Amino acid sequence: MAHNGCFASTDQIQNHIYSMPSLQYKAHSKVGCQASLATKYMETSEIVDLDWENLGFGLVHTDFMYVAKCGPDGNFSKGEMLPFGPIALSPSAGVLNYGQGLFEGLKAYRKTDGSVLLFRPEENAIRMRDGSDRMCMPAPTVEQFVDAVKQTVLANKRWVPPTGKGSLYIRPLLIGSGEILGLAPAPEYTFIIYVSPVGNYFKVLKAQKIAKQKGYSDVLYLDAVHNKYLEEVSSCNIFVVKGNTISTPAIEGTILPGITRKSIIEVAQSKGFKVEERPVSVDELLDADEVFCTGTAVVVSPVGSITYMGKRVEYKGNQGVGALSQQLYTSLTSLQMGLAEDRMGWTVQLN
């Protein structure tokens, strides 16, 4: 993707996008249809003492991580919960030499009654399988992926922030851990899940560092062929609003099929908005009524201004927040945190 000097203003963008201790736990019985699925869930009971009000988007070492292995037969072992910490890899591991690895990202939210919700974890499982197929990697089944996420979250439940104070970020990894010298699929793969409580999201890349030096918050990438069609804002999907129509770049190989993106499209359509997935030009961006970004970490982040080729365009709203962006943000986060009835069937309650 080409970078053509299109920036999001630092003074207008929202949500800050540039936008082993002794534990008490209880076991939950579970009937699984596969040997790879857990029969019991370990759940921590107490809530950790953190400064939830000032929790940023950085790694916090939690208690446990999930680990499962896959050998040449393509079948994953029954995973186990281990203390969070370093993992051993050979210098010749496939992921280190040939980059044979991928990751996912999703969140868990604490409801006001203290229980915990997952948001569409099966979508992450499907996306991991799609990605692993392209990289000649075996992947856990959707059932094992979701089960592993449940195990990991419940084992680290005390790290889930209170309602409205953040979320528990869940990072599943699939890596070629087996030794390999020539360019070929690794003989062994490791599936890992770890978690960290998070608040606001920050991410630093080279282009973003340049943008920050110029006083901008983030970078919007354009396509590398025509240098005129919108791609992504760093690791976020972008939406352009004009009247009652919401437009977003179509998924055609260079844009991440974001699960938050997919959810926002469905929520917007349910509210009567017209949503178009198609090539969106930078000219449309500059003529938009409102612009916002979506992603797992940021959910919905309104953009206050865009600067392209020296031209700055500001999007008016309530303190930089557009009405539609706010409406969609409230609708989605209310679902994710269990504050609204889930008529979509998207949430998974763990207890």
**Request:** Could you list, in their original order, any pairs among Lys107/Lys228; Lys165/Lys242; Lys214/Lys311; Lys242/Lys311; Lys107/Lys165 whose Cα atoms are separated by more than 24 Å?
**Result:** Lys107/Lys228; Lys165/Lys242
**Total formal charge among the other residues, if their Cβ is under 13 angstrom from that of Pro197, Lys/Arg +1 and Asp/Glu -1** = +2
**Message:** Using a Cα-Cα cut-off of under 19 Å, which aspartates and glutamates could be cross-linked to Lys316, ignoring same-chain neighbours fewer than 8 residues away?
**Reply:** Asp11, Asp218, Asp283, Glu284, Asp287, Asp289, Glu290
**Prompt:** Over segment 205-340, one equal point on each Cα, no solvent: what is log10 I(q)/I(0) by the Debye formula at q = 0.14, 0.15, 0.20 Å⁻¹?
**Reply:** -0.61, -0.71, -1.29
**Fill in**
In this structure, among Lys69/Lys150; Lys150/Lys262; Lys111/Lys157; Lys111/Lys150, pairs with alpha-carbon gaps over 20 Å are Lys150/Lys262
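Every number here is computed from the coordinates shown, using simple stated rules; none is lab data. Bear in mind that the values here come from a model prediction, so they are computed numbers and not experimental data. Cβ coordinates were reconstructed from backbone atoms using ideal geometry, including for glycine residues, and neighbour counts include every protein chain displayed.
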